[in-house]
Amino acid sequence: MSPAIPKRRKRTAVRPVSLALQGGGAHGAFTWGVLDALLEDGRFDLRGASGTSAGAMNAVVLAHGLLEGGPDGAREALARFWRAVGGNGSLLHAGAGASDGRPSPMASLMLQWSGFLAPAQFNPLGYDPLRDIVEAQIDFERLRAQRRFDLFIAATHANTGRLRLFRTPEVSADAVLASACLPALYKAVEIDGEPYWDGAFAANPPVLPLLAECRVEDVLMVLLSPATLGDTPRTASEIRDRSQALAFNAAFLAEMRSLIRMREFMRRSIMPWLVKEHPVRRKRLHLIADDELMERLDDDSKSTTSLPFLETLRDHGRSRAQVWLKANAAAIGQRSTVDIATFR
């Protein structure tokens with residue numbers, strides 16, 4: 001049985017922060033741990049989030065929990081969601097009971113089949129157990145009505161490749177499931193007659209909307225894709241996995257390069273007073289990630305939904321966030337703590 005969640009620490013100085021939450025399947029449990037540590041710490045007022053796939057799940061569960069019971073309610077909501085994922089035998093329960101995320105032989109075989117069969121063959125009934133969990137735990141009507149927490153959920157139009165951002169008044173179970181729709185496993189999610197796939201193809205996660213639209217000066221990115229992906233792949237399966245990893249990370253890197261170019265243009269402007277207060281220049285960026293951990297994990301572990309593995313990732317996320325808080329919490333509201341030039 002998982003231990004009870006202790007009450008968060010009481011802090012006097014609360015600084016507003018928005019979040020950009022990357023997708024990565026079961027690796028999103030790392031973000032669960034990061035959010036749990038931030039909420040427990042109590043120094044930040046979380047006011048908005050953009051998210052893709054698992055990042056979208058974390059974003060809407062966080063927002064729902066804050067509405068229901070503040071920071072402690074958000075911690076409970078996140079724990080409830082991820083424990084439901086880990087306790088649902090209908091999900092790909094790869095490596096059940098394992099803490100390293102290594103898939104079981106049967107789960108590995110199922111993932112291989114998904115590479116040869118269309119969703120209509122591999123999953124003819126279109127069953128998505130995440131829908132049951134999301135619809136049971138999140139009050140989307142209340143989320144759409146509130147105006148305190150800004151949401152930006154990314155999905156990819158399956159026929160054009162264009163990014164579709166579902167903002168707060170548009171957020172629904174369909175939008176979140178579209179953001180997490182892996183085309184090898186599930187049919188495209190239709191919204192208003194349009195088909196959508198996983199948002200990672202178009203933005204993973206979307207950062208510029210937080211800079212341009214969210215009324216908060218500090219943006220904290222939580223990334224699950226390591227900066228380097230290991231040795232050059234050799235086998236067919238390694239090449240397939242690397243191709244998908246590159247595709248899912250390309251949009252984020254392109255967005256960072258666009259942001260770098262915009263900031264450089266503003267610095268060189270002949271009319272600096274016009275761009276001094278532009279949100280793209282003014283806002284501060286921060287980053288929590290664990291490249292060493294993510295480089296160690298097998299790509300198939302993104303489908304491993306055993307609770308011990310998810311809780312292991314949560315614990316890594318909590319630990320990483322606590323290290324970050326000790327080093328960088330005082331900088332929130334003052335300066336950026338990440339040099340985005342590293343993403344050039």
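The values are calculated or read from the model by the stated rules, or taken from the named source; none is laboratory data. All values derive from a computational prediction rather than experimental measurement. Positions of Cβ are backbone-derived with ideal geometry, glycine not excepted, and every protein chain shown enters the neighbour counts. Accessible surface areas use protein heavy atoms only, side chains included; no ligands, DNA or RNA. Shrake-Rupley method; radii C 1.70, N 1.55, O 1.52, S 1.80 Å.
A few notes on this one:
- Cβ-Cβ distances below 7 Å connect the following pairs, each with a first residue in segment 143-162 that is touching a residue at least 24 places away in the same chain (Cβ under 8 Å) and over 16 Å from P206 (Cβ atoms), a second residue that is in a strand (DSSP E or B) and aromatic (F, W, Y), and a separation of six or more residues or different chains: A158/Y196; A158/W197.
- Tally of residues being among the charged types (D, E, K, R), crowded, with 18+ Cβ neighbours inside 10 Å and closer than 28 Å to L259 by Cβ across segment 173-222: 2
- Selection from segment 316-344 of residues that are farther than 22 Å from T228 by Cα and surrounded by 15 or more Cβ atoms within 10 Å (Cβ to Cβ): R318, Q322, L325, N328, A329, I332, S336
- Subset of segment 306-344 [closer than 14 Å to G24 by Cβ and within 16 Å of the chain's Cα centre (by Cα)]: L310, L313, R314, H316, G317
- Note on segment 144-153: residues that are open to solvent by 40 Å² or more (accessible area, probe 1.4 Å) and modelled with pLDDT of 95 or more total 2.
- So E141, is it at pLDDT 95 or above, exposed (fewer than 15 other Cβ atoms within 10 Å of the Cβ) and part of a helix (DSSP H, G or I): yes
- Some residue of segment 295-315 being open to solvent by less than 20 Å² (accessible area, probe 1.4 Å), among the hydrophobic types (A, V, I, L, M, F, W, C), in contact with a His (Cβ under 6 Å, 6 or more places away or on another chain) and assigned to a helix (DSSP H, G or I): no
- Candidate set: segment 223-240, residues that are without any contact (Cβ under 8 Å) to a residue 12 or more places away in the chain and outside any helix (DSSP H, G or I); chosen: the one most open to solvent (accessible area, probe 1.4 Å): R234
- Residue in segment 50-62 that is at pLDDT 95 or above and surrounded by fewer than 20 Cβ atoms within 10 Å (Cβ to Cβ) present: no
- For segment 159-208, the tally of residues that are in contact with a helix residue (DSSP H, G or I) (Cβ under 9 Å, 6 or more places away or on another chain) and in a loop (DSSP other than H, G, I, E, B) stands at 18.
- Condition met for V85 (at pLDDT below 95 and assigned to a helix (DSSP H, G or I)): yes
- Any hit, segment 16-26, residues being in a helix (DSSP H, G or I), touching a Ser or Thr at 6+ places or on another chain (Cβ under 7 Å) and either open to solvent by less than 10 Å² (accessible area, probe 1.4 Å) or at pLDDT 95 or above (or both): yes
- So T156, is it surrounded by fewer than 20 Cβ atoms within 10 Å (Cβ to Cβ) and polar (S, T, N, Q): no
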